[in-house]
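Below is one structure, written out as structure tokens; comments come after it.
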Amino acid sequence: MTNSIDHSTESAKTVPCPQCGKSFTCSLSPACWCATRVVPAEVKDHLAERYKTCVCSTCLDELIAKAGSGESA
């Protein structure tokens, strides 16, 4: 995921999801939970156009599922 969270630190941060407002943890590293998701290019584009930070696992999974079913994000 691309985001504007400061990646100069290795510690995880709790941040609000810009899509739903729910707090979630971003580990700011390749070991983050989001690295376990296969994110289609259309979802990456959708997120990059709308947000400067990552979204929570629930929102990301919903966007991935919509893309997989042919629905627009």
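Matching residues to (1) in a strand (DSSP E or B); (2) at pLDDT 95 or above; (3) within 12 Å of the chain's Cα centre (by Cα):
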residue: HIS7; (1), (2), (3): no, no, no
residue: THR14; (1), (2), (3): yes, no, no
residue: PRO30; (1), (2), (3): no, no, no
residue: LYS52; (1), (2), (3): no, no, yes
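Note on region 26-50: residues that are over 19 Å from ALA12 (Cβ atoms) and of a type outside the set (Asp, Glu) amount to 10. Of everything in region 24-73 that is β-branched (Val, Ile, Thr) and in contact (Cβ under 8 Å) with a residue 24 or more places away in the chain, the residue that is surrounded by the most Cβ atoms within 10 Å (Cβ to Cβ) is VAL55.
Residues in region 16-73 that are at positive phi and hydrophobic (A, V, I, L, M, F, W, C): 1 in all.
When ASN3 is tested against (1) crowded, with 16+ Cβ neighbours inside 10 Å; (2) modelled with pLDDT of 90 or more, exactly one condition is not met: (2). Residues in region 54-71 that are assigned to a loop (DSSP other than H, G, I, E, B) and touching a helix residue (DSSP H, G or I) at 6+ places or on another chain (Cβ under 7 Å) were compared, and the one that is modelled with the lowest pLDDT is CYS54. Scan region 32-50 for residues that are over 19 Å from GLY68 (Cβ atoms) and part of a loop (DSSP other than H, G, I, E, B) and jot them down. The one that is over 19 Å from GLY68 (Cβ atoms) and part of a loop (DSSP other than H, G, I, E, B): CYS32.
The values are calculated or read from the model by the stated rules, or taken from the named source; none is laboratory data. If you're wondering where the values come from, they're calculated on a predicted model, not measured in any experiment. Here the Cβ is made from the backbone with ideal geometry for all residues, glycine too, and neighbour counts use every protein chain on show.
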